[in-house]
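Peer 1: Quick one: this structure, given as structure tokens, is what I'll be asking you about.
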Amino acid sequence: MYQPPQNPNEPTGSSEQPYSQYPPQQPYNPGDNQPTYLTPPAYPPYQYPPPPMPPKKRRTWLWIVLGVLAILILGCIGVSTLVLRSAGTAINTVSTTVASTVTTIAETPTTQAQPASQVSQVGGTITVNDVAVTLTSVKKLASDQYIQPKAGNIYIVVHVKMVNNSTGEVDYNPLDFHVRSGSGNITDIDFVVPSTYTANNQLNSGKLSAGGNVEGDLIFQVRKGDHKTQLTWQPSFLGNAGDNAWNLGL
């Protein structure tokens, strides 16, 4: 076995073993050379910061809307006030005008009196407001199997002629004529006539110019044997149906 050379400074024959100044070597253990890792300190889990608070909404738009509404309301109130004032002024003006007109009419003397009631007979003429009506004829009319008069009545046909002697245009209408019984019952013409009427010359409604004339037939139902039956004419709705009459002489 190899022996290292002795140190000349050491005494010869020393009992100490060579390299005794070094510490003894430990046997090799593979686990002794494993690296030593430091355990990191334990930290609490990461917490995200709270979300920022949303910014406060500005209420500028709300004040703008309220301002616009207030302006509209005030405008409507102002317009309503003006309309009411205008309406009140107009009503006062109309009332004053009407009162003045009524006063004028009341103070104006009547220059044209209403015509008195007139009574004539067959062939006679009645004139109202320059319009002359002549009853030219009266005839009895037989019924047929389909169109019958009321019980106790008969049909009659009267023929009239109208002449406009005024300077203006006038209206005429068959509904202006009626028949009045002896008991005072006034009835209108019959538009539904029996087939025995063949003249086809019923009076219609229309207008008469100045100097114009028209004539035609009117068909009525009257009480059988009523010798006081009259044909009446009411040219104005302001008058009475019996103001102007012709005795039919039935």
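Peer 1: Just subtract the alpha-carbon distance of residue 166 and residue 214 from 0.36 nm times their residue separation and send over the number in nm, one decimal.
Peer 2: Working it through step by step, the gained length comes to 15.8 nm.
Peer 1: So for the pair residue 74, residue 204, with labels modelled 7 Å out along Cα→Cβ, what separation do we get in nm?
Peer 2: Once both label points are built, they end up 6.8 nm from each other.
Peer 1: I want the local charge near residue 152. Using Cβ-Cβ distances under 9 Å, sum +1 for each Lys or Arg and -1 for each Asp or Glu among the other residues.
Peer 2: +3
Peer 1: Give me the distance in nm between label points sitting 7 Å out from Cα along the Cα-to-Cβ direction at residue 119 and residue 227, one decimal.
Peer 2: Each label point lies 7 Å from its Cα, and together they span 1.5 nm.
Peer 1: Read phi for every residue in region 182-189 and hand back ³J(HN,Hα) as whole Hz from Karplus 6.51 cos²θ - 1.76 cosθ + 1.60, θ = phi - 60°, with x for Gly and Pro.
Peer 2: x, 8, x, 7, 10, 10, 8, 6
Peer 1: Based on the mean of other Cβ atoms within 10 Å per residue, sort peptides 209-220, 190-201 so the most packed one is first. Intermediate values should be presented prior to the final figure.
Peer 2: Details: 209-220: 15.7, 190-201: 11.8.
So the peptides 209-220, 190-201, ranked by packing, come out 209-220, 190-201.
Peer 1: Under 5 Å between amide hydrogens, which residues at least 5 positions from residue 121 or on another chain qualify, with H placed 1.01 Å from N in the peptide plane?
Peer 2: Result for residue 121 returns 247.
Peer 1: Which cross-chain or sequence-distant (5 or more) residues have an amide H under 5 Å from the amide H of residue 212, H modelled 1.01 Å from N in plane?
Peer 2: Distant-sequence amide H within range of residue 212: 164.
Peer 1: Let me ask another. Based on the mean of other beta carbon atoms within 10 Å per residue, what is the order of 74-82, 122-130, most packed first?
Peer 2: Details: 74-82: 10.0, 122-130: 15.0.
Sorting 74-82, 122-130 by mean packing, highest first, produces 122-130, 74-82.
Peer 1: While we're on this one: Obtain the nm distance between the two label points defined at residue 237 and residue 82 by a simple spin-label model: each point lies 7 Å from its Cα along the Cα-to-C-beta direction.
Peer 2: 4.1 nm
Each value in this text was obtained by applying a stated rule to the coordinates, not by laboratory testing. Just so it is clear, the model here is predicted, and its values are computed rather than measured. For neighbour counting, all protein chains shown are included, and Cβ atoms are generated from backbone atoms with ideal geometry for every residue, glycine included.
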